[in-house]
Amino acid sequence: MSLLSELAPVPGSRKVKKRLGRGKGSGKGGTSGKGHKGQKARSGVSIPIGFEGGTMPLSRRVPKFGFTSHSHKSDYEVVNLVRLSKWKGEVTPQTLAEKGVVSGRKKIKILAKGELKQALKVKAHSFSKKAKTLIEKAGGQAQTL
């Protein structure tokens with residue numbers, strides 16, 4: 001058991017308060033760590049959350065209803081010919097969605113990455129020119145929905 005005179009707080013649990021405005025040698029003299037002038041140097045400063053210095057805040061600039069960002073808009077889900085090279089018979093948006101190739105929520109566009117060895121009847125919402133020629137070159141059909 002320790003003596004009452006030896007009791008002390010755990011090291012690091014007690015923080016020494018900064019002594020502001022006690023001369024240049026202290027490192028926090030003069031302006032007391034607040035810099036020179038400006039809104040935050042004044043007494044009684046309380047700047048609200050989201051305050052942007054007088055500019056209309058972002059939360060008030062953005063439309064509140066019916067806003068859709070067009071920066072990431074994609075009308076089509078892309079399927080390359082490489083993915084279709086393993087298929088046989090007819091390829092439709094429904095069959096692609098069933099197999100998990102596409103989500104089934106967007107229109108489908110077929111692009112020409114890869115090549116076809118067998119004839120396929122492909123139904124999609126859009127085709128690239130090269131993809132259409134490659135499908136027809138392999139003896140298949142490219143039907144636009």
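The values are calculated or read from the model by the stated rules, or taken from the named source; none is laboratory data. Since we're looking at a predicted model, the values are computed, not measured. Counting neighbours? That spans all protein chains shown, and the Cβs are built from the backbone with ideal geometry, glycine included. Side chains included, ligands, DNA and RNA excluded: accessible areas come from the protein's heavy atoms. Shrake-Rupley method; radii C 1.70, N 1.55, O 1.52, S 1.80 Å.
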Hey, Val91 touching a residue at least 24 places away in the same chain (Cβ under 8 Å), aliphatic (A, V, I, L, M) and surrounded by 14 or more Cβ atoms within 10 Å (Cβ to Cβ) or not: yes
Which residue is farthest from Tyr76 (Cα to Cα), if the candidates are limited to region 119-145 and must be open to solvent by less than 50 Å² (accessible area, probe 1.4 Å) and part of a loop (DSSP other than H, G, I, E, B)? Ala138
All positions within region 9-37 that are open to solvent by 80 Å² or more (accessible area, probe 1.4 Å) and either hydrophobic (A, V, I, L, M, F, W, C) or not in a loop (DSSP other than H, G, I, E, B) (or both): Val10, Val16, Lys24, Gly25
Restricting attention to region 104-130, the residues that are more than 16 Å from Asn80 (Cβ to Cβ), modelled with pLDDT of 80 or more and among the small types (Gly, Ala, Ser) number exactly 1
Residue set Val79, Val101; condition open to solvent by less than 50 Å² (accessible area, probe 1.4 Å), in contact (Cβ under 8 Å) with a residue 40 or more places away in the chain, over 30 Å from Ile49 (Cβ atoms) and not in a helix (DSSP H, G or I); output residue Val79
Give the residue, chosen from Lys40, Lys86, that is without any contact (Cβ under 8 Å) to a residue 24 or more places away in the chain, closer than 20 Å to Gln141 by Cα and open to solvent by 60 Å² or more (accessible area, probe 1.4 Å). Lys86
Just to check your reading of the model, which residue among Pro9, Pro48 is of a type outside the set (S, T, N, Q) and modelled with pLDDT of 90 or more? Pro9
